[in-house]
Amino acid sequence: MFYREAGQFKTSYQADVAIFPIRQDRIAIALIALTAFVVIPLLATPYLFTGILIPFLILSLAAIGLNILTGYAGQLSLGTAAFMAVGAFASYNFMLRVPEMPILLAFIGGGTIAALVGILFGLPSLRIRGFYLAVATLAAQFFILWFLTKVGWVTNYSSSGVITAQPIVILGYTFATPAAKYLLVLSIVGLMALAAKNMARGNVGRSWMAVRDMDVAAEVIGIRLMHAKLLAFAVSSFYCGVAGALFAYVYLGTVEPEAFNLDLSFRILFMVIIGGMGTILGSFLGSAFVTLLPVLLSMTVRYLDSNLNLHIAESAISNLEFMVFGGLIIFFLIVEPHGLARLWQIAKEKLRLWPFPH
Amino acid sequence: MQFFFEVLIGGLLSGVMYSLVALGFVLIYKASGVFNFAQGAMVFFAALTYVGLLEQGMPALLALPATLAVMVVLALGIERVVLRPLVNQPQITLFMATIGLTFFIEGLAQITWGANVRGLDLGLQDEPIQWVTDATGMAVSKFDLVAAGVAAILVTLLALFFNRTRIGRALRAVADDHQAALAVGIPLQQIWAIVWGVAGAIALVAGLLWGARNGVQYALTFVALKALPVLILGGFESIPGAIVGGLIIGASEKLAEVYLGPFVGGGIEGWFPYVLALLFLLIRPEGLFGEKIIRRI
Amino acid sequence: MTPGRSSGAVLLAVDNISLSFGGVKALTGISFDVREQEIRAIIGPNGAGKSSMLNVINGVYHPQQGTITFRGEVRRDMNTHRAAAQGIARTFQNIALFKGMSVLDNILTGRNLKMHATFIEQAIYLGRARREELENRRKVEEVIDFLEIQHIRKTPVGKLPYGLQKRVELARALAAEPILLLLDEPMAGMNIEEKQDMCRFVLDVNEQYGTTIVLIEHDMGVVMDISDRVIVLDYGKKIGDGTPDEVRGSQAVIDAYLGVAN
């Protein structure tokens, strides 16, 4: 009843290709933006910022990166966290060694270095495909982490291998409060998500999907496989690199290479699978899911403990997380392989007909 | 020179242990076309169940078949809940399902039995065999040798099974094309239950040996990840390939650590097998024993 | 069909092409030419090497011997990118559409060589990227109108019936505005009505856009009706080359189809 498109016909191609073609969607997005930029900073607690919103946004960015590589271009990667690490440590070194380096430029620099490393480890994709490529990305994950730990120059010869991120100062203003950090991350992630969406629905996105679906046919219509695949690795790693830099500077503060281990790579892969491969919205939905689930679980455990005297050990919670994630992956792959994003689309379809059943 | 051989033999024997894990992969892949990322988790689960039962007071002679039974039940569960609904989905979907399975099994194992590190005593000592040391001056572990023997027996049995029996042929058909196999009346569900059950048994053997060597702990799952380079070298469908691949990975890993490690600060073992596999893939994308994939358009 | 159409300039010529895979000889010493604006059919029993011949022309396979002359340039072999860039487009025997994308997106991929905006420009989507996107959308809509598939433009390709998928594949090839169109069994698996529609489209493409067409087809009625000249292959060798009537009367061709031992 509310979600009808009646009367909204497009009179130009521009209107047809818009990201939010339906007026109700545009209103919804405006409301979301309003909430995100104005309402939340006024109402949220510091814990909400630092414990939930900021990691949610940063990991969404990493998930977008992985989605570009695996969801759109079809190159399976298990090394996402390693590229985040490159971005983090490269940004750190830019800030450390280049005098008067603007921090945003350092983030971009970190992302660029990550992109270059991504291209290097993406070269095998020209010969290898499928799970062979996945194992090759594992090589990236293990080697990069070893390199960042062993090569002292990277961590400025810190004896513990831990680095402390410099404070974030842009144009004289220090981003120290949780709300300020949140707004910074929100802006960066928002802009980069928009850029990703534009790429995805443009020629480069179509080339990636063509390579994913049938690379021989893609070649025949003139798409250069090497360009397309390496570009996917580069752009994806850039996004992961910036996400890693944000992870270090805004979320963790002090960071060591171990923070970007295989476990994190898997978490981001789960976000992409559960959220919906090959969609930008899915990256956000998946990240929200994976970020909120541990919180929900510990809340449930605490509730069971205090109200029903059902005692579950703290250590069991992380194992429960494992089981729930694993189970949900399988569940989604069986029921809706295209993840939450497709479920959302289906919900919108139903909403169009509401209150009628069909 | 003697030191070199010692390291080499140690590496080869450790490689055999990797092969044991890889065998489980190969079995499942050969028989159902599924790349079972969860094999490592199964090894961990088997080992943990065994020591868990022992801790509960069960005698070893009973705990062993009991664990085997548990692995079979696990296999049946996996077939029913994961594989059956995903019949004929693309390989990548099944692969991701096994990633989910990995996490599920790891969580289940630790919730059931706790996360403490435990030792596993198989009655075999990790000591040098006396007469070998006397004769050649090298230290070759008794334990490693027995493990190699076990692996050799398993490999022979499996190779015979696949190539000589009717069920083996049916398994190969299933691996090729699920729907076609169903169409000719091959009982898919039963076959998968059998295959995953056998893979579970292999996981148990691997789990016992690895657990005895390194202790039963979460890090065991990373050992299983090392089986992936083994598979790349040996090909995903070849049983002898799993052995040869394991030998190469085991030997090269140890040699690299000992001879190259000191120049770069050590810790090479963590990534060397993967990079080796990667370089190998660039030259020969289908592995040593794998079949060349020809695509027709 | 129209007399005199086979007397234009030579657009494509293959000379003494031989192709083998390991020990199997797919093509032996094939030579023929294709003139501008004509419709050339390649016929022959299954396994004769027809698809392989098309694959050689657009660079998917590389012949061990022989040369390919396209638009005056003589080459040892083609590569797919150059073929596409020079105006060769094709369809496939087993549909090679991108199953994950909509009809519109699939056809738009056919225009990828016409779009020059870099990925950064596309990410910002102002200026050149936006202009190109809309301009190419306009061109694609022309093709969609031409092939009468407006009603399915947003449908994911995987959901379409076989006949419509074939039409979408043709649309993708046409979107590239090709000079030479290679069609591999474009009417396979179609009923009479669908075949008539497809014939009409092929003829329209040839007449309206002047596109030269080489097509592989099994339906003899179609071949005799719409092609200007025909090549007959059997076991990788050319056994007939001429107008449909000439080929129909040739003893070698009759023998090949009736299966008389060579």
In this structure, is residue C:133 facing chain A (nearest Cβ under 9 Å) and buried (at least 21 other Cβ atoms within 10 Å of the Cβ)? yes
Leading residue by the ranking (nearest to the other protein chains (Cβ to nearest Cβ)) among those in segment C:64-91 that are in contact (Cβ under 8 Å) with a residue 12 or more places away in the chain and of a type in the set (A, V, I, L, M, F, W, C): C:84
One residue from C:126, C:104 being in a loop (DSSP other than H, G, I, E, B), more than 7 Å from every other protein chain (Cβ to nearest Cβ) and either at pLDDT 90 or above or more than 20 Å from the chain's Cα centre (by Cα) (or both): C:126
Restricting segment A:268-289 to residues that are over 10 Å from the mean Cα position of the chain (by Cα) and within 12 Å of chain B (Cβ to nearest Cβ), the one nearest to residue A:159 (Cα to Cα) turns out to be A:270
By residue number, the members of segment B:21-55 that are of a type outside the set (Gly, Ala, Ser) and not in a helix (DSSP H, G or I) are B:34, B:35, B:36, B:37
Counting only residues that are at pLDDT below 85 and under 28 Å from residue B:156 (Cα atoms), which one in segment B:256-281 is nearest to the other protein chains (Cβ to nearest Cβ)? B:281
Within segment B:256-279, take every residue that is of a type in the set (Phe, Trp, Tyr), assigned to a helix (DSSP H, G or I) and surrounded by 16 or more Cβ atoms within 10 Å (Cβ to Cβ) and give me the one that is nearest to the chain's Cα centre (by Cα). B:274
Number of the condition not met by residue C:114 [criteria: (1) without any contact (Cβ under 8 Å) to a residue 12 or more places away in the chain; (2) surrounded by fewer than 17 Cβ atoms within 10 Å (Cβ to Cβ); (3) facing chain A (nearest Cβ under 10 Å); (4) closer than 26 Å to residue C:144 by Cβ]: (1)
Is it fair to say residue C:104 is of a type in the set (A, V, I, L, M), touching a helix residue (DSSP H, G or I) at 6+ places or on another chain (Cβ under 6 Å), closer than 23 Å to residue A:225 by Cα and not assigned by TED's automatic domain parsing to the domain that holds residue C:245? no
Within the set of pairs 6+ apart or on separate chains, which have a first residue in segment B:199-223 that is surrounded by fewer than 24 Cβ atoms within 10 Å (Cβ to Cβ), a second that is not in a helix (DSSP H, G or I) and not polar (S, T, N, Q), and C-beta atoms under 6 Å apart? B:212/B:120; B:212/B:122; B:215/B:117; B:215/B:119; B:217/B:117
Quick check on segment C:54-66. Is at least one of its residues in the same structural domain as residue C:9 (by TED's automatic domain parsing), in contact with a Gly (Cβ under 9 Å, 6 or more places away or on another chain) and within 24 Å of residue A:201 (Cα to Cα)? no
Return a yes/no flag: does segment C:154-168 have any residue that is within 27 Å of residue A:338 (Cα to Cα), basic (Lys, Arg), surrounded by fewer than 19 Cβ atoms within 10 Å (Cβ to Cβ) and within 12 Å of chain A (Cβ to nearest Cβ). yes
Take residue C:97 and decide whether it is more than 7 Å from chain A (Cβ to nearest Cβ) and not in a helix (DSSP H, G or I). yes
Filter result for the condition that a residue is in contact (Cβ under 8 Å) with a residue 60 or more places away in the chain and away from chain A (no Cβ under 13 Å), over B:26, B:34, B:70: B:26
Among the residues of segment C:173-188, what is the count of those that are part of a helix (DSSP H, G or I) and within 12 Å of the chain's Cα centre (by Cα)? 2
How do the pairs read when you match residues in segment A:213-237 that are on the phi > 0 side of the Ramachandran plot and at the interface with another protein chain (Cβ under 10 Å from one of its Cβ atoms) with residues anywhere that are assigned to a helix (DSSP H, G or I) and of a type in the set (S, T, N, Q), using Cβ under 7 Å and keeping only pairs 6 or more apart or on different chains? A:222/C:112
Could you figure out which of (1) free of Cβ contacts under 8 Å to residues at least 40 places away in the same chain; (2) within 8 Å of chain A (Cβ to nearest Cβ); (3) surrounded by fewer than 21 Cβ atoms within 10 Å (Cβ to Cβ); (4) in contact with a helix residue (DSSP H, G or I) (Cβ under 7 Å, 6 or more places away or on another chain) isn't true of residue C:121? (2)
Extreme residue, surrounded by the most Cβ atoms within 10 Å (Cβ to Cβ), among residues of segment B:81-91 that are β-branched (Val, Ile, Thr) and more than 7 Å from chain A (Cβ to nearest Cβ): B:81
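Conditions tested, residue by residue: (1) modelled with pLDDT under 85; (2) closer than 30 Å to residue B:182 by Cβ; (3) polar (S, T, N, Q).
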{"position": "B:33", "(1), (2), (3)": "yes, yes, no"}
{"position": "B:47", "(1), (2), (3)": "no, no, no"}
{"position": "B:53", "(1), (2), (3)": "no, no, no"}
{"position": "B:65", "(1), (2), (3)": "no, no, no"}
{"position": "B:85", "(1), (2), (3)": "no, yes, no"}
{"position": "B:103", "(1), (2), (3)": "no, yes, no"}
Considering C:207, C:169, which residue is within 30 Å of residue A:223 (Cα to Cα), assigned to a helix (DSSP H, G or I) and touching a Ser or Thr at 6+ places or on another chain (Cβ under 6 Å)? C:169
The listed residue being surrounded by fewer than 20 Cβ atoms within 10 Å (Cβ to Cβ) and outside any loop (DSSP other than H, G, I, E, B), out of A:147, A:142: A:147
Index of the failed condition, residue C:83 passing every other in (1) closer than 27 Å to residue C:206 by Cα; (2) more than 20 Å from the chain's Cα centre (by Cα); (3) assigned to a helix (DSSP H, G or I): (2)
Answer yes or no: is there a residue in segment B:248-255 that is at pLDDT below 90, surrounded by 20 or more Cβ atoms within 10 Å (Cβ to Cβ), under 13 Å from residue A:135 (Cβ atoms) and within 14 Å of another protein chain (Cβ to nearest Cβ). no
Filter segment C:10-25 for residues that are aliphatic (A, V, I, L, M) and at pLDDT 90 or above; the one that is farthest from residue C:180 (Cα to Cα) is C:19
Extreme residue, surrounded by the most Cβ atoms within 10 Å (Cβ to Cβ), among residues of segment C:136-153 that are closer than 13 Å to residue C:106 by Cα and either facing another protein chain (nearest Cβ under 10 Å) or not aliphatic (A, V, I, L, M) (or both): C:140
Determine if segment B:282-292 includes at least one residue that is surrounded by 17 or more Cβ atoms within 10 Å (Cβ to Cβ), facing chain A (nearest Cβ under 10 Å) and either at positive phi or modelled with pLDDT of 80 or more (or both). yes
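The values are calculated or read from the model by the stated rules, or taken from the named source; none is laboratory data. Just so it is clear, the model here is predicted, and its values are computed rather than measured. Virtual Cβ from ideal backbone geometry, glycine too; neighbours counted across all protein chains shown.
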